[in-house]
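The values are calculated or read from the model by the stated rules, or taken from the named source; none is laboratory data. Keep in mind that this is a model prediction, so the values were computed, not measured. Every residue, glycine as well, gets a Cβ built from its backbone with ideal geometry; the counts of neighbours run over all protein chains shown.
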Amino acid sequence: MLKIFRYLKESKWSVLAIIVLLVVQAYCDLALPQYTADIVDIGIGQKGIRDGVPEKMGESVYEGLAVFMTDEERALLDSAYERDEEGNYVFCGSGEDREALNKCLGIPMLIYSALNSENNPAKDLSIGSALPGEGSGEEAAYILELREQIRQGLGESGDTLIAQRAVQFVWQEYERLGMDLGRLQRDYLLGTGGRMLAYSVVMMAAAILVGLLASKIGARLGLNLRERVFTKVVSFSHGEMEKFSTASLITRSTNDIQQVQMVVVIMLRMVVYAPIIGVGGVVKVLRTRTGMGWIIGVAVILIMGLVCVLMAVAMPKFKKMQTLVDRLNLVSREILTGVPVIRAFSREKFEEERFDKANRDLMGTQLFTNRVMNVMMPMMMLIMNGISIMIVWFGAKGIDMGNLMVGDMLAFITYTMQIVMSFLMLTMISVMLPRAGVAAGRIEEVIGTRPGVVDSPKVQDSLLADAKGTVAFENVSFRYPGAEEDALRDLTFTARPGETTAIIGSTGCGKSTLLNLIPRFYDVTSGRITLDGVDIREVSQHKLRSLLGYVPQKAVLFSGDIASNLKFGGEDISDTAMEEAARTAQASEFIEGKPDRYHSEISQGGTNVSGGQKQRLSIARAIAKSPKVFLFDDSFSALDYKTDVELRRALKEKTGDAAVIIVAQRISTILHADQIIVLDEGRIAGMGTHGELLRDCEAYREIARSQLSEAELEGGAAK
């Protein structure tokens, strides 16, 4: 979770803008239910009259109401109303004045109506007909006592009844003054509806902007994470690549980043919005004074209980899911890359079953989590509908008793649904966060892995500004991470420019490992490797590898065309150099035979060329670079004898001033090497020319006996 929030630091201003917009959206969303209630209660029920404070009243009514008010209330009344030219009193006070008058005008209006209207429903109240005398000291006490008697006579629903009668009084006064009541109601409905429309437009605009900003942040985050992961993976040594499987790195670069990106977008739209709307809904509900706040508590308890149960059941499966995705990708990749071998050994059925097991394991976990989550929505809807029924049931009783208005009940239902929906949104994001958290952890594992091979803090590339290409091993030993024994021990030799140094030995003796130490795919455990006397760890990897021409044991081509592959060593390689390299590698013949020649397409992995052609193109790619040191890791194994001889002859002419280091299995490939190093279990068992080794090195003689005839052995030993 914290990892995901850290990713958002790069877009902090956009996130801040989203928070502001969500607050605006929530404010508008929370305002709409109250306006709906006002339309029902005031616009329809009260015919557009907001409360018991008249906007305008006649002089007789004004003076009549003042009789039943205390001195303070009369002073407030006098300050809030001004007399117009017609002798009527018009309200000109503030909102606070209106609120205060609304509390103190109700009962005076009841009394005034009872004393001046035979048909008024308040006529049956026992208020008497005696009025206090003007200037009497007991006037204020009498008024307060009279009000208390009226309030007690109205019972528990007194406040609601007083408010309703006050509104009715105002409506009758407006009618007496000849005001257009239809227009008054219409103006109120249009005004309130207009404000609702304005809030809705603002809310819609805020939601659209939030969606736009969240999408941009998510897209930018995905871009940055993919770039960081890819950059880190490219910097990995062979040790880190072996730690993370290729299938796992692909999953982390695609599926895991997509999970984080999706959750970030949803989180920006929900995690901030849900608490705002939830807390705001609770505040609004408490202000409605419906007496049904306990229903909110019941709803919250039920929802939290449901969420806790679902999380306890589903969380372990979410954590397991990413591992199963990795496993499926691994099996798929192995099967797809090994289809020829699978067919050759008739193992289709076995591999189908292996894939089916990985596929079904993932499917079973996904089905379990989906089913658990699918239970959530019906349960949430059941809770929401149950809460609605409770509100309507108890709200109807309140309306029947006169304690609640229809609009207030509608607003209460809406606010309650908003509160429940906020919890539902938080529940949805809480379901997605664990999986995204696992994905973020896997991404961070890649990004946070320190490469085993790094440049020195003080690289000295200038030392190799005019490199010659002399490679020297000085007491070099190497041990793979986690291994108990050294793979290479105490290697000391020198490969000089203009000479060919060959490495040969039995399978698993460390030939390829030795070659991989030169470009620093691994770093030596002890000793050092120098290039022109400079420790290769003292120069940057880029500088070092710019001087090397490496041809791996397994030829690798990239999608594109032949030219793009041959010029892979640098943009400065000319067409002439490219074609010369192809001729040297004996590749020009089959290239020229293609319709598009050097622009012929190469498919991914070079699957549309043969193994020998792929190997020759890999060799040509290294030659085109014109390096100071050539590294061939058993790079002639797919060539026929004739092509091998011609290639080595051309290569000798092309690499006259460069050091050539060849790892080979066939003695015929290295027969004429200037120096042959024989490896045996990671040690140098012999070093010299072909003839010297046949005379002095038993390990070399054993290899030679398995590959050469007696005549060739005798001829070589005689040299």
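Numbers below:
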{"item": "Residue match in the stretch 541-550 (condition: in contact with an Asp or Glu (Cβ under 7 Å, 6 or more places away or on another chain), buried (at least 17 other Cβ atoms within 10 Å of the Cβ) and either of a type outside the set (Val, Ile, Thr) or not in a loop (DSSP other than H, G, I, E, B) (or both))", "result": "yes"}
{"item": "Residues that are over 20 Å from ARG327 (Cα atoms) and of a type in the set (Val, Ile, Thr), drawn from the stretch 355-387", "result": "VAL372, VAL375, ILE383, ILE387"}
{"item": "Filter pass, VAL53 being crowded, with 18+ Cβ neighbours inside 10 Å, touching a residue at least 60 places away in the same chain (Cβ under 8 Å) and assigned to a loop (DSSP other than H, G, I, E, B)", "result": "yes"}
{"item": "Positions within the stretch 355-378 being surrounded by fewer than 16 Cβ atoms within 10 Å (Cβ to Cβ) and either within 30 Å of ALA411 (Cβ to Cβ) or without any contact (Cβ under 8 Å) to a residue 24 or more places away in the chain (or both), in sequence order", "result": "ASP356, LYS357, ARG360, MET363, GLY364, LEU367, ASN370, ARG371, ASN374, MET377, PRO378"}
{"item": "Single residue of ALA37, ALA100 found to be crowded, with 17+ Cβ neighbours inside 10 Å, at pLDDT 85 or above and closer than 30 Å to TYR415 by Cα", "result": "ALA100"}
{"item": "Scan of the stretch 40-80 for residues that are more than 18 Å from ASP408 (Cβ to Cβ) and β-branched (Val, Ile, Thr), ordered by number", "result": "VAL53, VAL61, VAL67, THR70"}
{"item": "Residue count for the stretch 426-464, restricted to those that are in a loop (DSSP other than H, G, I, E, B), of a type in the set (Val, Ile, Thr) and out of contact with any Lys or Arg (no Cβ under 6 Å at 6 or more places or on another chain)", "result": "3"}
{"item": "Neighbours by Cβ (under 9 Å, 6+ apart or cross-chain): first from the stretch 616-631, free of Cβ contacts under 8 Å to residues at least 40 places away in the same chain; second outside any helix (DSSP H, G or I) and not aromatic (Phe, Trp, Tyr)", "result": "ARG616/ALA555; ARG616/ALA585; ARG616/GLN586; ARG616/ALA587; ARG616/ALA638; ARG616/LEU639"}
{"item": "Residues (among the charged types (D, E, K, R) and under 17 Å from GLY688 (Cβ atoms)) located in the stretch 480-510", "result": "ARG496, GLU499"}
{"item": "Scan of the stretch 199-240 for residues that are loosely packed, with under 14 Cβ neighbours inside 10 Å and under 19 Å from GLU444 (Cβ atoms), ordered by number", "result": "LEU223, GLU227, PHE230, THR231, VAL234"}
{"item": "Of all residues making up the stretch 515-531, the number that are crowded, with 18+ Cβ neighbours inside 10 Å, part of a loop (DSSP other than H, G, I, E, B) and more than 38 Å from the chain's Cα centre (by Cα)", "result": "2"}
{"item": "Unique residue being of a type in the set (A, V, I, L, M), assigned by TED's automatic domain parsing to the domain that holds TYR112 and over 30 Å from PRO481 (Cα atoms) when the list is VAL210, VAL167", "result": "VAL167"}
{"item": "Identity of the residue in the stretch 670-700, without any contact (Cβ under 8 Å) to a residue 40 or more places away in the chain and within 60 Å of the chain's Cα centre (by Cα), that ends up nearest to THR507 (Cα to Cα)", "result": "GLY686"}
{"item": "Single unsatisfied condition, GLY280 versus (1) without any contact (Cβ under 8 Å) to a residue 24 or more places away in the chain; (2) farther than 18 Å from MET376 by Cβ", "result": "(1)"}
{"item": "Qualifying residue in the stretch 186-207 (condition: in contact with an Asp or Glu (Cβ under 7 Å, 6 or more places away or on another chain) and either assigned to a helix (DSSP H, G or I) or closer than 24 Å to TYR522 by Cβ (or both))", "result": "yes"}
